[in-house]
Amino acid sequence: MSSVLSFLRQPIVVALVFIVLLLYLGELLSPGFASAAQILRLMIVASLLGIVAAGQNVVILGGREGIDLSVGGVVSLSAIIAGNVMQGADIGIVPAIAACLVAGAFFGLLNGLGVTLLRIPPLVMTLGMLGVLQGLLVVIRMGIPSGQAAPALSRFVTQPLFFGVPGIIWLWAVIGIVMALMLSRTVFGHRIYAIGSNEHAAYMAGVPVRLMRIALFMISGMFAAIAGLCLLGYSGSSFANVGEQYTLTSIIAVVFGGTSLAGGKGGYTGTMAGAFLLVILQGILTTVNIDESGRQMVFGATLLILMMFYGRGRAMRA
Amino acid sequence: MSKLKLNGVSKAYGATLALRRGDLEVMAGEVHVLMGSNGSGKSTLCKIIAGSVRPDDGRILIDDTPVTITGPRSARAQGIGIFYQELSLAAHRTVEENICLAALPAKARLFVDRTALKERAARYIALFDGVSGDGFSADALVGNLRPDQRQLVEIMKALASEAPLLIFDEPTSALDRAQVERFFEILRDLKRRGRGIIFISHRMDEIKAIGDRVTIIRDGETITTLNLGETDAGTVIRLMVGGAGDMPASQSSAPAVVDAKDGAALTVRNLSGAGFRNVSFEVARGEILGFGGLHGQGQSALLRAIFGAGSIATGEIRIGSDRFDAASPRDAIRRGCAYVSGDRGRDGVISGRPIIENVTPIHYLRDRLMIARPSKLSDRVAPALESMHTKFASLFHPINSLSGGNQQKVIIARWLIDRPDVLLLDDPTKGIDLSAKADLFALIRQLAAEGLGIILYSSEDAELLGNANRILVFNGGSVSRELTGPERTRYNLYQAAYEAA
Amino acid sequence: MTEIATSPTYRRTGGIRRLLERYPFLPALAIVLVLLSLNGVFSPNSLSYRSLTGLLSTYMALILLAIAQTYVVYAGDIDLSAGSILSLVNVAIVVLMERWGGGAGAVLLALALGLLLGLACGLVNGLVVAALRLQAIVATFATSIFFTGLALYILPVAGTPAPTIFWRTYGGRLLGLPFVFYILGGLVLLLLVLGRTRLTTQLLAVGDDQQAAYQTGLPVVSIRVRGYLLCGLFSALAAFCITGDTASGDPLVGGKMTLFSVAAVVLGGSALSGGWGTVVGSLLGALTIGLISSVVFFMGTPSEWQNFVQGLAILVVLMAGVLAGRRARP
C-alpha cells in the first residue's frame, strides 16, 4: 500500500497525471485537442523545449546552484548559424550541425570556465553570457540575412518519419534513452550526482569536479544548439531572439520533472514529462478564446499551482 | 524542584525511529548529563525541547506545568536556551550581533539599539576573557574565527538567552583545556543560581567533572537515570551499549614493534605547509603509526596535505621509494594513497545517493571505468561492506538510511576494492558508536597485517594506545614527542600533549 | 576548487580586507569612477552637469529596482518579477492619473495606490516563496507572468501618456536643483534609515543560514515576506521614476530590467547566496550599467556592435564584482 502511495508521489507520475488531466480538459474546451494529430503537433513543440531542458537538466543536477540562463541565447544563435550555413540546401545540413555544435560547446566552455576557474556563480556567469549572446545576435543580424532551413531539415522536424511520427520526436526519444542510460549506468552519470549531492566529498573521492562542471555546461550549450537547429527546421527561417522563450521555461520543465534546483536529485525522464506538460498547458491557452492578458494570468497562476506539487522546500521544523 | 520533565516523547522520520521513548527529568540547580552512542536520539531529544523538531507523541512539562512548544521562538519564550551541536551562527555577522541575534535590542521597536547590543554582548564575551584566543573580538565576523572560537560564540549566544533551562549539545568538542575549564566554572556558577542544565559530551572525564546525574539513552529509549557520584565509567558504558556490552577492541593494546616488511610504506621528510611545520617520519609496511596530541595541532592538516587536499610549502614525501607529491586527491588516489575523514558529512558521504554509488567512486577511478554495471559492481562492493559487518537493507538504498557508524563503514569500504598502499585515517571514529568502532579497528589491524602502511590520528587516547605501534604527539603544528614501546602510556600521552600548550 | 584545496580554518584580516569588509561597495565605486573618467575621455561633454542629471534621471528607475532586488537577495532569495511589478505599477498609475483628470490630487492619489499595488505584489511573492516554500527562481518567474498579464489587462498597448504635471516635475527643477537630486537625497536618507532597522540585520542573518536563523528563534517566514514587501515597495518607486522618465505607460517596460537589476546587485558586491551585501553597492551597480551604455555610445562604437560590447563589458564587470566581493567576505 505504501509502495502505491510513494509511486503516486513520484514527480514523473504527478506530471503524467496532469498531462492526462490537461489533455482531457483541452478536449472538453476544444474538441479535437486530444486527437492523435494534435498530440503529435504538441510533441514536436515539446521536443524542442525538451532538448533544451536536457542540457539545463544536467547543469542543475551538477549542483552548486547550477543553472544555465544562456540557453535561450544559444538557441537563437544556433538557429541563425544553421540558417546561414545550410542556405536552404540539404547538402549544408551536416556542416550546419557541426557549426552549431561547435558554437554551443564554445559558449558552454566559456560558462564552465567562468564558473569553475573564476568561481562566478552560474546564475551570474550565464546571465552575463546571455547579454553577450544577445549582443552578438544583433551584430550578426545586421550583417547577414537570417538564412533558410534546408527542406530535409524541415521535413525531419515537421513531417512523419517512421510510423507517422516526425523525426524530431524520434530524436527526442533517443535523447531520452541516452540520458537515462548516461545518468544511471555510466561513471560520468554517477559523478554528476556525486558532485551535485556533495561536491567536497566527490572531490575527496577523486572526482574531477572542475572538468565535470565544465563538461556539463558544454553539454548544455550543445543541447541548446541542437534545439536551435531543429527550431530553424520548425519555423523555416530564424528571426530575432527565437530562443529567448526557452531560458526560463527549460528550468520550469526541469522542475516539473522533479529535479531539485539544489542539485543531485532527479533525472531526465521526468523532465521530458515536465516539458510536455508545459507545452500542453500553453497549447490549451492558445486554443481557448481569451485575450493575451487573460492567457498570461491563467498561465502564471497555473504554473504556481502546479509547482505546489513539486520540489517544495523543506519545512524548517522537522 | 523539577525544572523540566519529558514523558514518553517520540519522533520518527519516515520509517526510521529517531526517538522511541524519551523520558527525562531535570532539576533546578543540576547539570544533567545525557549519554548514549551516536544516533541514540540525544540530539533529537534536545531539539524537541528547543522546539526545532516536532515530537510525534509525549508530554513536556516545565515547572510541573504541561506545555506545548510550537517552535524555537516558543521554546525561548518558555525559558529554554540551547547550544546546537552544529552551531546556529551567521558567518557574515559579527560576534556581538550573533550573541544578541535572537532578541536584537530595539529602539523605537524598529531600529537596532547598537549601544545596548554592545553592552549586552560584552557581558558574555567577558566571561571568556583570556581564553578566547587571538583575533576574537566583539566586532569580528564569525566566519573569520577558528572553530573553537565559533563554538565559544555559540556558548555565549546560549548563555545570553538567560534561560532558566539551558541545553548544551556537545559544546566542548573543539575547545581546548583552558576554554573547557572556564566554561565549567560558568556552568557551576549557573548551577548555584538554580538553573537547570542539560549537558552532552562523549568525554568521560568531562562528565565526571561537571555532571550531577546522568540519563542514558540507547536506541532511542531512555534506559535509566543515575547519580554520577554513585557510579563508574564501566557501568555507564555497559548501559550505553546494552546487550552488545563487550568492551571495544581498542582497550587491548597493540604490539610495540611490527616486523618491518619490505621497508617503508610512506616517508615524510621536513614537511611544512599550512598548519604544520618541519614534520619528518616514516611508516613501515604493516605498521600503524598513531598521531596524538590536542585537537587541531596540525594532525588533520598534515594528513590532508599528504592526500593532496592541502597545501605543502617545502619538504618531501615518498610512497615506497617513489617521490609522491599529489596535486589533488585524485592524483593521490591513483598513486595508492587513501584517506578517511572523521567529518563524514563534509568529506565522505554523497548524501541522498545509493550505498553502491558511495562505495564505487574510488574503484571507478583506479580501474578507469566508463560504464557502471550494477550487477558486476555488486559482486565487488558487497564483500567490502561485509568485511566490516556493515548493516544495510540493499545496495540501492540511500546512504542516509544508515546510522552514522554504518555510513562510515560504507565510506571506508570504498578503499577496500582496490587496495591502497597507504591509508590515512583522520579521526575516523568521530561520532560513531562503540560496536562500529570495534569493527573498524579490527579491520584496520587486519589491513596492517596485510602490509598497508597506516596513519591513525585519533582524538581519543584509548584508540591510539590500543592500536598504534608508535605514537607521534603533535603540538603547535610539529611533532613534540615520539612514544614507542612501553612509553605508550596514557600518562605520557597526556603529558606530551599539554606540554607547553 | 581552491576553496576546497586550501580550506583554511581561519584567515587573518589584512588592511585591504578589513576595508572591504566594512565597505563592500568600494570595488563598485572604483568601477563607477573609472567609467566616469572613460566617459570624460571619450566625450568631455558627457561629464557636464546637464548630462549627468540626464543619466541619473534615466537610470533612477534601475537604481531603485536594483535596491528592491537587494533586499530579497539579502535573505538569499531572488525576485524575477521585480520588472513586471514595475510595469504593472507603471500602467496602473498612468491609467488612474488619466482617468482622474491628471490634476495634482489625482497624481498623488494614483501614486499612493501604486505603492499599495507594489506592496501587494511583494506580498504575493513573499507568500508564495516563504510561506508556500516554492523555489524563488521559478515561483517569481510564474508570478512575473501573472503580473505581466495583469498589466496587459490594464493597458493592452503602450502609449497612454502620463499627465504633464507628473513628468514635468520629474524632469524639472525645484529651487534651482534638478528634481532627481531630491529623489536621490531622499533615497539615501531612506536607505540609511532602513539600514539601521532590525529587519535589515534579520534579513542578512536569514540569508546567512536559514536553518540557523530559525533555530535561533527568528521568525524566518515573516522576515522573508517582509523582504519581498520591501522589494515590491521599491519596485513601485522605480515605476514612478520610469513613468517620469518615459512620460507614458507601457505594460512591458520592465521586462528587460529584471535581469539588469540582478546584475546590478552582483556588481555591487552582494552575494546572491544571501547574507552579505549593501544597498549602496547595488545603487553603484545600477549606475555602472548605465555608464557602460554611455561609454559604449561615446566611444563611437558602430551601432550594431553596441549591444555586444555592452554585454561583454557587463560580463567583465560582473566577474570583477564577484571576485572583489569574494575577497571581502569571510
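Just so you know, all these numbers are worked out from the coordinates, no wet-lab data involved. Just so we're clear, the structure is a prediction, and the values are computed from it rather than from any experiment. Note that we place each Cβ from the backbone using ideal geometry, even for glycine, and neighbour counts take in every protein chain shown.
Taking only the alpha carbons of the protein assembly as shown, what extent do you get along each of the three principal axes, in Å, biggest first?
92, 71, 64
With unit charges on the beta carbons (Lys and Arg positive, Asp and Glu negative) and the dipole taken about the Cα centre of the range A:37-307, which residue among A:P122, A:G55, A:V209 sits farthest to the positive side?
The Cα lying farthest towards the positive end belongs to A:V209.
As a test, work out the antiparallel percent of DSSP beta bridges whose residues both lie in chain B, rounded to the nearest 5. Walk me through the intermediate numbers first.
Values: 47 of 84 bridges.
If we restrict to bridges inside chain B, about 55 percent are antiparallel.
Quantify how strongly other chains surround peptide C:315-327 by giving the mean number of their Cβ atoms within 10 Å of each of its Cβ atoms.
Partner Cβ neighbours, averaged per residue: 4.
Helix B:177-192 versus the longest principal axis of chain B: what angle, 0 to 90°, nearest 10, using Cα atoms?
Roughly 20 degrees, rounded to the nearest 10.
Just the ratio, please: alpha-carbon radius of gyration of the range A:144-220 over 2.2 N^0.38 Å, N its number of residues. It would help to have the intermediate numbers written out before the result.
Details: Rg = 18.5 Å, N = 77, 2.2 N^0.38 = 11.5 Å.
Taking N as the residue count of the range A:144-220, the ratio is 1.61.
Counting only helical runs of four or more DSSP H residues, what would the 222 nm mean residue ellipticity of chain B come to if each run contributes -39,500 (n - 2.57) and the total is spread over all its residues?
Value at 222 nm, helices only: -9000 deg cm²/dmol.
Taking the Cα centre of chain C as the origin and placing charges on Cβ (Lys, Arg +1; Asp, Glu -1), which of C:L127, C:A205, C:M299 is farthest toward the positive end of the dipole?
C:A205
Find the percent of Cα-Cα distances in the range B:421-499 that exceed 22 Å, and round it to a whole number.
25 percent
Express as a percent, rounded to the nearest 5, the fraction of DSSP beta bridges in the protein assembly as shown (both residues included) that run antiparallel.
60 percent
Among A:I51, A:I91, A:I192, which one shows the biggest mean-square fluctuation in a GNM of chain A, springs joining Cα atoms closer than 10 Å?
Among A:I51, A:I91, A:I192, the largest GNM mean-square fluctuation belongs to A:I91.
Tell me the mean residue ellipticity at 222 nm calculated for chain C from its helices only (DSSP H runs of n ≥ 4, each -39500 (n - 2.57), averaged over every residue, nearest 500).
Using -39500 (n - 2.57) per qualifying helix, the result is -24500 deg cm²/dmol.
Among B:I167, B:L424, C:M257, whose Cα lies farthest out toward the positive end of the dipole of the protein assembly as shown, if unit charges sit on the beta carbon of Lys, Arg (+1) and Asp, Glu (-1)?
Positive-end residue among those listed: C:M257.
Scan chain A and note any complete DSSP helix (H) whose C-alpha atoms cover at least 27 Å along its axis and whose Kyte-Doolittle average is -0.5 or more.
Within chain A the helices that satisfy the rule are A:36-61, A:93-116, A:122-143, A:209-235, A:268-287.
Where does the Debye-calculated log10 I(q)/I(0) of chain A sit at q = 0.08, 0.09, 0.14 Å⁻¹, using only Cα point scatterers of equal weight, no solvent?
The computed values of log10 I(q)/I(0) come out as -0.36, -0.46, -1.12.
Under a no-solvent Debye model with one identical scatterer per Cα of the range C:55-254, what's log10 I(q)/I(0) at q = 0.08, 0.13, 0.18 Å⁻¹?
Normalising to I(0) and taking log10 leaves -0.27, -0.68, -1.16.
If I take every Cα pair under 8 Å that is 6 or more residues apart in the range C:189-294, average their sequence separation and divide by the length, what percent do I get for the relative contact order? List each step's numbers first, then the result.
On the way: 76 pairs, mean separation 27.1, N = 106.
Worked out over the range C:189-294, it gives 26 percent.
Would you mind giving the mean number of other chain beta-carbons within 10 Å of the Cβ of each residue in C:299-305, as a whole number?
2
Averaged over B:353-365, how many beta carbons belonging to a partner chain fall within 10 Å of each residue's beta carbon?
Mean shielding count: 4.
Given H placed 1.01 Å from N in the peptide plane, which residues other than close sequence neighbours of B:N278 have an amide H under 5 Å from its amide H?
Close amide H contacts, sequence-distant or interchain: B:L271, B:S272, B:G273.
Which FRET efficiency value, to the nearest 0.05, do you get for B:A449 and A:I177 by plugging their Cβ-Cβ distance into 1/(1 + (r/R0)^6) with R0 = 51 Å?
In this case the efficiency is close to 0.60.
Can you put A:E27, B:E463 in order of Cβ neighbours within 10 angstrom, beginning with the fewest?
Ascending Cβ contact count within 10 Å gives the list A:E27, B:E463.
For the range C:198-207, take each phi angle, set θ = phi - 60°, evaluate the Karplus expression 6.51 cos²θ - 1.76 cosθ + 1.60, and give the result in whole Hz per residue in order, putting x for glycine and proline.
5, 4, 4, 4, 5, 4, 5, 5, 5, x
Quick one: go through the range C:98-118 and flag any residue whose amide nitrogen is under 17 Å from the point 7 Å out along the Cα-to-Cβ line of A:D291.
What the label zone holds, given the 17 Å backbone N cut-off, is C:99.
Rounded to whole Å and sorted largest first, what semi-axes of the equivalent ellipsoid does the C-alpha gyration tensor of the range B:2-241 yield via the square root of 5 times each eigenvalue?
In descending order the semi-axes read 30, 21, 16 Å.
Calculate, for B:R323 and B:D367, the FRET efficiency according to 1/(1 + (r/R0)^6) with r their C-beta to C-beta distance and R0 22 Å; round to the nearest 0.05.
0.35
Which residue, C:G15, C:G54, C:G277, has the most motion in a Gaussian network model of chain C that connects Cα atoms within less than 10 Å?
C:G15
Explain nothing, just compute: Karplus ³J(HN,Hα) = 6.51 cos²θ - 1.76 cosθ + 1.60, θ = phi - 60°, for every residue of the range B:225-233 in order, whole Hz, x for Gly and Pro.
10, 10, 7, 5, x, 9, 9, 10, 4
Can you pull the one-decimal nm distance between simple spin-label points at B:D461 and C:L175, each 7 Å off the Cα toward Cβ?
7.6 nm
Under a GNM of chain C (C-alpha, springs under 10 Å), which listed residue has the highest mean-square fluctuation: C:F181, C:F260, C:F166?
C:F181
222 nm [θ] for chain A, helices only, -39500 (n - 2.57) per DSSP H run of 4+, per residue, to 500? Could the numbers behind the result be given before it?
On the way: 14 runs with 233 residues, N = 318.
-24500 deg cm²/dmol, from helical runs alone.
A:A37 versus B:D189, label points 7 Å from Cα toward the beta carbon: distance in nm?
So the two model labels end up 8.7 nm from each other.
Semi-axes of the equivalent ellipsoid of chain B: what are they in whole Å, largest first, if each equals the square root of 5 times a C-alpha gyration tensor eigenvalue?
Numbers: eigenvalues 319, 145, 105 Å².
Value: 40, 27, 23 Å, ordered largest first.
Let's see if you can work this out: charge +1 on each Lys and Arg Cβ, -1 on each Asp and Glu Cβ, no other charges. What is the dipole magnitude of chain A about its Cα centre, in debye to the nearest 20?
780 debye
To the nearest 20 debye, what charge dipole does the range B:2-241 have about its Cα centre, counting +1 at the Cβ of each Lys and Arg and -1 at the Cβ of each Asp and Glu?
Using Cβ point charges on Lys, Arg, Asp and Glu, the range B:2-241 gives about 580 debye.
Can you sort B:I62, C:I289 from fewest to most other Cβ atoms within 10 Å of each residue's own Cβ?
Listed from fewest to most nearby Cβ atoms, that is B:I62, C:I289.
Work out the FRET efficiency for C:T160 and C:T301 from their Cβ-Cβ distance, taking R0 = 30 Å, and round it to the nearest 0.05.
For C:T160 and C:T301, the calculated efficiency is 0.30.
Take A:Q245 and B:A393, extend 7 Å from each Cα along the Cα→Cβ direction, and tell me the distance between the two endpoints in nm.
4.4 nm
Specify whether the C-alpha gyration tensor of the range C:236-330 places it in the rounded, prolate or oblate class, a ≥ b ≥ c being the square roots of the eigenvalues: rounded for a/c under 1.5, otherwise prolate if a/b is larger than b/c and oblate if not.
Verdict is oblate for the range C:236-330.
For the range A:156-290, what's the radius of gyration and Dmax over Cα atoms, in angstrom?
Values for the range A:156-290 (Cα only, Rg and Dmax): 17.2, 58 Å.
Only bridges whose two residues both fall in the range B:2-241 count here: according to DSSP, what percent of them are antiparallel, nearest 5? Before the final figure, lay out the partial values.
On the way: 25 of 43 bridges.
In the range B:2-241, DSSP labels about 60 percent of beta bridges as antiparallel.
In what sequence do C:S261, C:S87, C:S37 fall when counting other Cβ within 10 Å, fewest first?
Details: C:S261 34, C:S87 31, C:S37 12.
Least to most surrounded, the residues fall as C:S37, C:S87, C:S261.
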